[in-house]
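Note sheet for the following structure.
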Amino acid sequence: MLTRGSIRKSTLYPESDDMGEHEIQRLIAELLRPLMDRFLVERRRPAHVGADQFIYWKEGTPTRRLAPDVYVLPGVDRSIVIPSWKTWETGIVPSFALEIAGGDIAKDYDHGPADYADLGVSELVVFDPHATPTSKTRLRWQVFRRVAKRGLVRVDVSQGDRVKSKVLRAWLRAVGSDSGVRIRIAEGENGEDLFPTEAEAERAAREAAEAARDAAEAEVARLRLVIERAKRSGR
């Protein structure tokens, strides 16, 4: 007879598999994950932002797993290293998950949302970098949210460049085109203000510092001129 303890000892929960992914998925996630991490830190909302780790939610059933392209674990230390996440160990499930669609539409459009519903995620965003404004079978954005007594429900579909995330309290915006498309975080009433990347923030800080220095030097020069004129007029 298998006990809960024997299940723990005998069940293997792999931390990775041999399945590859389209490079564009990786590039989008590599930009967005640290961006989302900084965004939540600056807004003092403790969370761990991860990417592409297995999340298991059925103890003893390792086939019930997902590997979101980007996800948020609310209240979890942002600095820990997560090989894989087992929800029954902490009771914490992702509040937000992003899936970047690849070639398998059925997996990303149908099976994925059903699995995320079973996992218990609060909000799922499916982004399809291969969709265009005139696509007939592919959708640029799909937003699913957990609704009382209805479960995870698709609440928004868009072929535009942005959608609103209720969990993040921000917009997700597609910038660039074709293989250069990326996802950015944006704020403002209609998502018009892009949250800066670390490089953009550093550049803005340098430019502000340089502008302040130039202004200070100009003020010093002005005061020297005033003093010099005062000296001359007093002779």
The stretch 78-102 residues that are of a type in the set (S, T, N, Q), paired with ones that are open to solvent by 60 Å² or more (accessible area, probe 1.4 Å) (beta carbon under 6 Å, 6 or more apart) = S84/E15
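Report those strands (runs of 3 or more DSSP E) wholly inside the stretch 124-235 carrying at least 1 residues which are of a type in the set (A, V, I, L, M, F, W, C) and open to solvent by 60 Å² or more (accessible area, probe 1.4 Å). Write out each step before concluding.
Numbers: elements: 141-147, 151-158, 162-165, 170-175, 182-187.
Answer list for the stretch 124-235: 151-158.
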Restricting attention to the stretch 53-66, which residues are without any contact (Cβ under 8 Å) to a residue 24 or more places away in the chain and closer than 24 Å to L172 by Cβ?
-> none
Filtering the stretch 1-42 for residues that are hydrophobic (A, V, I, L, M, F, W, C) and at pLDDT below 60 leaves a count of 4
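When the residues of the stretch 180-208 are narrowed to those that are aliphatic (A, V, I, L, M) and at pLDDT below 85, which ends up farthest from K166 (Cα to Cα)?
Going through the stretch 180-208, the residues aliphatic (A, V, I, L, M) turn out to be 181, 183, 185-186, 194, 199, 201, 204-205, 208.
Among the residues that remain, those that are also at pLDDT below 85 are: 204-205, 208.
Details: A204: 28, A205: 30, A208: 32 Å.
My answer is A208.
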Hits in the stretch 99-123 (condition: in a loop (DSSP other than H, G, I, E, B) and hydrophobic (A, V, I, L, M, F, W, C)) = A101, V121
The stretch 104-119 residues that are more than 13 Å from V143 (Cα to Cα) and modelled with pLDDT under 95, paired with ones that are open to solvent by 40 Å² or more (accessible area, probe 1.4 Å) and assigned to a helix (DSSP H, G or I) (beta carbon under 9 Å, 6 or more apart) = D104/H111
Extreme residue, surrounded by the fewest Cβ atoms within 10 Å (Cβ to Cβ), among residues of the stretch 99-116 that are over 19 Å from the mean Cα position of the chain (by Cα) and among the aliphatic types (A, V, I, L, M) | A106
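The values are calculated or read from the model by the stated rules, or taken from the named source; none is laboratory data. Not measured: the values here are computed from a predicted model. As a convention, Cβ positions derive from the backbone with ideal geometry for all residues, glycine included, and neighbour counts pool all protein chains shown. The protein model used for the area step is the full one, side chains on, heavy atoms only, and it has no ligands, DNA or RNA in it. Shrake-Rupley method; radii C 1.70, N 1.55, O 1.52, S 1.80 Å.
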